[in-house]
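Engineer: Structure below; questions to follow.
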Amino acid sequence: MTITPFNAGHTLGGTIWKIRSPAVGTIVYAVNMNHMRERHLDGTVLISGAGGAVFESLARPDLLITDAERANVIGSRRKDRDAALIGMRVSSTPVFLLAHLVFRHHHHHPLFTVLFTSPL
Amino acid sequence: MLTFTPLSGAAKSERTSPLAYLLQVDDINILLDCGSPDWCPESHSSTTESDDDATENHFHWERYCDKLRECVANNCYNGQVRTACVLLTIDVLRIAPSVDLVLLSHGDLAHSGLYPYAHSRWGLNAPAYSTLPVQAMARIAATEEAEGIRDEEDVGGTKEQVSPESEGDISMEDQDPSNSPQENQPEESPQPELRSRKGKYVATPQEVHDSFDSVNTLRYSQPAHLSGRTRSPIHYTPQSQLIRAVLQGGVKV
């Protein structure tokens with residue numbers, strides 16, 4: 001049996017697991033994927049080719065275990081999200097994204113001091 | 001032979017988290033994710049159904065945790081057979097005496113939060129795999145959760161603190177799921193009662209570190225060849241892959 005991780009997006013190190021077994025064939029376990037490339041994360045490799053082609057190594061599994069949790073959500077544009085994020089005081093957004101964004105913003109607009117109250 | 005058994009998650013209930021699926025492939029039991037429930041659900045004090053929600057949350061996680069516990073700790077399970085649990089988990093017991101492999105897909109609590117407790121208290125000693133960032137993120141998240149909950153309330157020390165009496169209580173509640181919500185009288189300040197109720201499976205920070213230290217890490221696209229419990233290592237030859245590719249191509253044409 002062989003297991004291979006692939007990038008799922010969504011979280012740092014998020015994984016699509018491909019399991020190959022001689023008797024059953026190929027099983028792909030892919031939950032909580034993000035196909036969009038974020039500032040701090042690449043998108044999933046599953047849909048990586050031009051024109052939405054499926055990544056060759058993960059194509060045509062014998063069993064696919066996946067979810068559709070975010071399928072019904074229409075994502076907002078990155079520009080709008082960034083603007084909303086910078087304007088927020090209290091945030092529960094992923095801290096890595098926030099830190100990255102704050103540093104970028106600070107680089108272009110060095111008018112304020114960045115102060116983190118907890119270690120990243 | 002392939003069997004897929006959702007222990008929790010969207011395939012099992014309306015909840016999408018925590019995730020825990022059991023996959024049996026070639027007599028090898030793979031645990032896909034090992035998420036922890038939301039131990040301290042936000043109390044919606046403004047809404048009227050908050051008590052029911054809280055009770056329902058508790059009931060949900062106890063059933064899930066019992067199932068997971070049965071799965072991973074079947075070998076060292078020493079208690080009396082609890083009829084309620086057997087009824088709830090009879091499918092799992094039949095097919096899943098123990099877990100042979102754990103795969104963690106994301107480093108948040110919903111995907112890997114219960115792994116430290118299961119590893120250190122329930123004997124989930126099967127090899128676990130994740131990527132390096134997932135290992136690091138899950139360690140941070142679980143440590144934060146463990147410290148936060150342990151600061152707020154007493155969830156048990158370094159030892160397994162479930163006494164035979166309290167185990168009996170849990171099984172009593174499990175025996176009749178429909179009565180369980182009524183037992184926790186929602187009218188008279190349910191919050192302290194629920195919070196003090198045993199059954200939050202929160203590891204100590206040290207256990208969290210030890211558990212995630214034992215996780216094997218892989219890089220993306222780095223295959224790991226595993227041998228079955230009773231089998232010699234399995235190797236894929238280029239020929240078999242070629243044959244497979246030809247077959248798949250043929251099907252496509």
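Engineer: Is it true that B:CYS71 is assigned to a helix (DSSP H, G or I), within 19 Å of B:ARG121 (Cα to Cα) and modelled with pLDDT of 50 or more?
Structural biologist: yes
Engineer: Could you look through the stretch B:117-140, keep only residues that are within 11 Å of chain A (Cβ to nearest Cβ) and of a type in the set (S, T, N, Q), and pick out the one that is nearest to B:LEU32 (Cα to Cα)?
Structural biologist: Here the residue is B:SER130.
Engineer: Follow-up question, since we're still on this one. Suppose we keep only residues that are assigned to a loop (DSSP other than H, G, I, E, B) and more than 13 Å from chain A (Cβ to nearest Cβ) within the stretch B:86-112. Which one would you say is modelled with the highest pLDDT?
Structural biologist: Of everything passing the filter in the stretch B:86-112, B:VAL99 is modelled with the highest pLDDT.
Engineer: State which residue is farthest from the other protein chains (Cβ to nearest Cβ) when the search covers only the stretch A:7-37 and only residues that are part of a strand (DSSP E or B) and within 12 Å of the chain's Cα centre (by Cα).
Structural biologist: Taking the candidates together, the pick is A:ILE16.
Engineer: Output the number of residues of the stretch B:1-34 satisfying the condition of being surrounded by fewer than 17 Cβ atoms within 10 Å (Cβ to Cβ), of a type outside the set (Asp, Glu) and more than 10 Å from chain A (Cβ to nearest Cβ).
Structural biologist: Residues flagged as surrounded by fewer than 17 Cβ atoms within 10 Å (Cβ to Cβ), of a type outside the set (Asp, Glu) and more than 10 Å from chain A (Cβ to nearest Cβ) within the stretch B:1-34 amount to 2.
Engineer: What about A:HIS40, is it of a type outside the set (A, V, I, L, M) and more than 10 Å from every other protein chain (Cβ to nearest Cβ)?
Structural biologist: yes
The values are calculated or read from the model by the stated rules, or taken from the named source; none is laboratory data. Quick caveat: nothing in here was measured; it's all calculated off a predicted structure. We place every Cβ from the backbone using ideal geometry, glycine too, and count neighbours over all the protein chains shown.
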